[in-house]
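The values are calculated or read from the model by the stated rules, or taken from the named source; none is laboratory data. Keep in mind that what you see is a predicted model, and the values were worked out from it rather than measured. So basically every Cβ, Gly included, is an ideal-geometry build from the backbone, and we count neighbours across all protein chains shown.
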Amino acid sequence: MPRHNNGKDKVIFNIPADAEGTFIRRLNRFAREILIHGMNFYAHIHDLGQLEELLYFGNSVLLKSYRKVVGRKTEWELLAARLKDSWIFVNSKFHRIFAERIFKDPSISPFGEIDDMTPEIRVGNSRLDFLLRKNGKRIWVEVKGCTLIRNSKALFPDAPTSRGRRHVNELLNLKARRDDAALVILVFIPASCFAPNAATDSEFAQIFCDAVKAGIEVRPLLLAYDGNSIIFCGEIPLCIP
């Protein structure tokens with residue numbers, strides 16, 4: 001499938017960090033302890049992955065403040081972590097927003113100009129991220145975020161994902177019913193290509209390859225974060241046999 005790299009280096013969303021901190025430790029699945037200006041705080045993280053290459057003792061992180069929001073258990077939320085000279089965005093809460101901005105802009109959307117877009121659609125036993133309509137055709141789209149890199153390859157997932165396998169299965173079922181289906185990967189690390197992470201989840205890697213062979217579009221879109229804005233950097237190829 002052709003790569004789509006129009007609109008490269010286009011800002012798609014502004015989300016400035018409110019503070020830079022130092023990662024201390026992981027408390028549980030969703031909370032981390034962070035040092036900010038010499039004081040320890042708890043920060044929430046919207047990401048189900050392990051993020052071991054990014055969230056380790058002493059690494060720099062960027063945070064958004066929710067200190068004035070009544071009823072929150074944590075005053076801060078993680079946005080990004082340092083990887084060499086780059087900030088890697090790690091907050092999956094914004095993935096649907098980023099995808100919407102991309103799909104609505106024909107200059108950067110891998111689907112070109114669409115007629116309509118509906119988010120969060122129930123299909124079978126799953127809820128897929130989007131249903132797009134273009135020229136009378138339906139395009140079912142699931143969006144995943146990727147923050148793991150090895151040998152210049154972006155890899156997903158970084159932890160076993162039964163949910164991810166279920167979503168790709170739903171796309172396969174929809175494709176078999178002659179609807180169009182696509183898997184969009186938002187890649188937040190400076191990678192040259194994308195591959196399924198067979199070492200972490202061999203079942204996901206197999207169903208991913210089955211999806212590619214069945215004609216499901218896989219669109220790995222490279223995004224960068226500079227501490228203020230999310231920037232569209234183009235589409236990268238797949239690196240699978």
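Conditions first: (1) surrounded by 15 or more Cβ atoms within 10 Å (Cβ to Cβ); (2) in contact with a Leu (Cβ under 8 Å, 6 or more places away or on another chain). Asp210 passes all but one, so which condition is the exception?
That leaves (1) as the condition not met.
Test Glu120 against the criterion of being outside the structural domain of His44 (by TED's automatic domain parsing), of a type outside the set (Gly, Ala, Ser) and surrounded by fewer than 16 Cβ atoms within 10 Å (Cβ to Cβ), and give yes or no.
yes
Residues are listed down the side, and each one gets a yes or a no for (1) among the hydroxyl-bearing types (Ser, Thr, Tyr); (2) surrounded by 14 or more Cβ atoms within 10 Å (Cβ to Cβ); (3) modelled with pLDDT of 85 or more; (4) touching a His at 6+ places or on another chain (Cβ under 8 Å):
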{"position": "Ile24", "(1), (2), (3), (4)": "no, yes, yes, no"}
{"position": "Asn28", "(1), (2), (3), (4)": "no, no, no, no"}
{"position": "Ile34", "(1), (2), (3), (4)": "no, yes, no, no"}
{"position": "Ala43", "(1), (2), (3), (4)": "no, yes, no, no"}
{"position": "Asp47", "(1), (2), (3), (4)": "no, yes, no, no"}
{"position": "Leu51", "(1), (2), (3), (4)": "no, yes, no, no"}
{"position": "Asn59", "(1), (2), (3), (4)": "no, yes, yes, no"}
{"position": "Leu62", "(1), (2), (3), (4)": "no, yes, yes, no"}
{"position": "Gly71", "(1), (2), (3), (4)": "no, no, no, no"}
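Tell me which of these Ala81 doesn't satisfy, since it passes every other one: (1) part of a strand (DSSP E or B); (2) free of Cβ contacts under 8 Å to residues at least 40 places away in the same chain.
(2)
Of everything in the stretch 185-241, what is among the small types (Gly, Ala, Ser) and within 17 Å of Lys8 (Cβ to Cβ)? Give them in sequence order.
Ala191, Ser192, Ala224, Ser229, Gly234
What are the pairs, 6+ residues apart or on separate chains, where a residue within the stretch 200-220 that is assigned by TED's automatic domain parsing to the domain that holds Val184 has its Cβ under 6 Å from a residue that is of a type in the set (Gly, Ala, Ser) and part of a strand (DSSP E or B)?
Pairs found: Ile216/Ala181; Glu217/Ala182.
Return yes or no: is Ala224 in contact with a Ser or Thr (Cβ under 9 Å, 6 or more places away or on another chain) and either in a strand (DSSP E or B) or modelled with pLDDT of 95 or more (or both)?
yes
Is at least one residue of the stretch 200-212 within 20 Å of Phe89 (Cα to Cα) and modelled with pLDDT of 95 or more?
no
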